[in-house]
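These notes are about the structure you will find just below.
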Amino acid sequence: MPQVKISNGKDGSIKCICKRHMKILITGGAGFIGSALIRHLIADTGDIIVNVDKLTYAANLDSLQSILPSRRYFFEQGDICDRERMAQLLNKYQPDAVMHLAAETHVDRSIDNPEEFITTNIIGTYRILECVRTYFFGLSSEKKETFRFHFISTDEVYGSLQDNAFSTEADPFHPNSPYASSKAAAEHIVRAWNKTYGLPTITTNCSNNFGPFQFPEKLIPLMIIKAIQWEPLPIYGMGDNIRDWLYVDDHARALRLILEKGVPGENYNVSAGNTKTNLEIAHGICDTIDHLVPPANGKLRRNLITFVQDRPGHDKRYALDARKLGSALGWKPVESFESALQKTIKWYIDHEDWWRKIFNSTYDGHRLGVAP
């Protein structure tokens, strides 16, 4: 890795002397995807990273312990809805790019409390865009040419699909949950700031992420942890809802590539093409854990699967067409679904202390999103 020299300016700002790498401010960097992105950037690039996170319930700084010794990593606690704080951090660190991942993300929680999603995902995105707009127009012409605002969104904005259909970047939005609608609104705002004000924005829509350090309210980590403990595995409806799965480290690699080579004003779907029903996911988890930790009683973990009342407004199918990303930028996933799932399961087996701390304090695996 090339050496990166860092100097502290008289005003306390952080300055990168090496021109070959970027200084990136990442919002939501203590979250699941954000922390994976930061670990990748510190390990595999020479970028300087500023992590700005409010540290809500799903944020976890333990996921960044491995990169704390790096002199290229800086953490600042802050809320994207706090305009003064965001402006202060932009002025302090003078980033070459902003990657905006901070968001409320769990559909079930959006059903129970949509206001938090409207506030963070819509108002928060608007406020940081305004701060970035002011910052951007204060840059030199040279820095304006390379500056980027990268907004990370979701496949859920496209809505539910018919059998065998795939969403392309040109498809209209049909969000059906409070979470999806809040991300769709934020995407429209980002697009408007590009078209109206000339802010160099890039948007990416990703499929369902999974991997180590994921907060256990989501399907795959919840199923893994419950299967490890021989607890019932709750599957919504008949388990035939289809999702498109992406290993989080592959997503991180894609995001860095898009930030560097993506075209301002464009959006890119990020998918590994792994469409699976929820029941297939549960079966794969049970079979893999049975292989890694053979049951002493001879029973199979598949017998733990229990079908429960479906989620209100549960979309039938998500699937992304990511051919644009492959043809335009040459990206493809490193991991197969099977290899990634095995790595993920093994990580949760080997890191019981990590998820046990969450189950003992923040979230105990109970059902969310049951409000009509």
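The values are calculated or read from the model by the stated rules, or taken from the named source; none is laboratory data. The structure presented is a predicted model; accordingly, all values stated were derived computationally and were not measured. When we count neighbours, we look across all protein chains shown, and the Cβ atoms used for this are built from the backbone with ideal geometry, even at glycine.
Worth a mention:
One line per residue, one yes/no per condition, for (1) of a type in the set (A, V, I, L, M); (2) in contact with a Lys or Arg (Cβ under 8 Å, 6 or more places away or on another chain):
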position	(1), (2)
Tyr135	no, no
Ser140	no, no
Phe147	no, no
His150	no, no
Val157	yes, yes
Pro178	no, no
Ala186	yes, no
Arg191	no, no
Asn209	no, no
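- Residues that are of a type in the set (Gly, Ala, Ser) and either in contact with a Phe, Trp or Tyr (Cβ under 7 Å, 6 or more places away or on another chain) or farther than 20 Å from Thr362 by Cα (or both), drawn from segment 56-71: Ala58, Ser63, Ser66, Ser70
Yes or no, residue by residue, for (1) touching a residue at least 60 places away in the same chain (Cβ under 8 Å); (2) in contact with a Phe, Trp or Tyr (Cβ under 6 Å, 6 or more places away or on another chain); (3) under 21 Å from His251 (Cβ atoms):
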site	(1), (2), (3)
Cys81	no, no, no
Met99	yes, no, yes
Pro114	yes, no, no
Tyr135	no, no, no
Ile152	yes, no, yes
Ala165	yes, no, no
Ala180	yes, no, yes
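- Here Leu61 fulfils each of the conditions (1) surrounded by fewer than 17 Cβ atoms within 10 Å (Cβ to Cβ); (2) among the aliphatic types (A, V, I, L, M); (3) in contact (Cβ under 8 Å) with a residue 60 or more places away in the chain apart from (3).
- Of the helices (runs of 4 or more DSSP H) lying entirely inside segment 263-372, the ones with 1 or more residues being of a type in the set (Phe, Trp, Tyr), modelled with pLDDT of 95 or more and in contact with a helix residue (DSSP H, G or I) (Cβ under 7 Å, 6 or more places away or on another chain) are found at 337-350, 352-359.
- When Gly298 is tested against (1) free of Cβ contacts under 8 Å to residues at least 40 places away in the same chain; (2) surrounded by 14 or more Cβ atoms within 10 Å (Cβ to Cβ); (3) not hydroxyl-bearing (Ser, Thr, Tyr), just one condition goes unmet, and that condition is (2).
- Residue match in segment 88-111 (condition: over 21 Å from the mean Cα position of the chain (by Cα), over 17 Å from Ile33 (Cβ atoms) and among the aliphatic types (A, V, I, L, M)): yes
- Among residues of segment 325-364 being under 16 Å from Ser63 (Cβ atoms) and β-branched (Val, Ile, Thr), the one that is surrounded by the most Cβ atoms within 10 Å (Cβ to Cβ) is Thr344.
- Qualifying residue in segment 208-222 (condition: in contact with a helix residue (DSSP H, G or I) (Cβ under 7 Å, 6 or more places away or on another chain) and without any contact (Cβ under 8 Å) to a residue 60 or more places away in the chain): no
- Test: Phe136 is over 23 Å from the mean Cα position of the chain (by Cα) and either over 17 Å from Thr56 (Cα atoms) or of a type in the set (D, E, K, R) (or both): yes
- Residue count for segment 196-236, restricted to those that are assigned to a loop (DSSP other than H, G, I, E, B) and closer than 18 Å to Ala180 by Cβ: 3
- Residues of segment 64-93 satisfying the condition of being surrounded by fewer than 19 Cβ atoms within 10 Å (Cβ to Cβ) and over 30 Å from Lys357 (Cα atoms): Arg83, Glu84, Arg85, Ala87, Gln88, Asn91, Lys92
- Within this structure, Thr146 fails the test of being under 30 Å from Thr134 (Cα atoms) and crowded, with 21+ Cβ neighbours inside 10 Å.
- Among the residues of segment 156-176, the ones that are out of contact with any helix residue (DSSP H, G or I) (no Cβ under 9 Å at 6 or more places or on another chain) and either polar (S, T, N, Q) or not in a loop (DSSP other than H, G, I, E, B) (or both) come to 3 in all.
Per-residue answers, yes or no, for (1) farther than 22 Å from Leu222 by Cβ; (2) hydrophobic (A, V, I, L, M, F, W, C):
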position	(1), (2)
Pro232	no, no
Asp249	no, no
Val270	yes, yes
Leu279	no, yes
Arg301	no, no
His314	no, no
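- Of Ile258, Ile242, all but one fail to be surrounded by fewer than 23 Cβ atoms within 10 Å (Cβ to Cβ), touching a Phe, Trp or Tyr at 6+ places or on another chain (Cβ under 9 Å) and β-branched (Val, Ile, Thr); the exception is Ile242.
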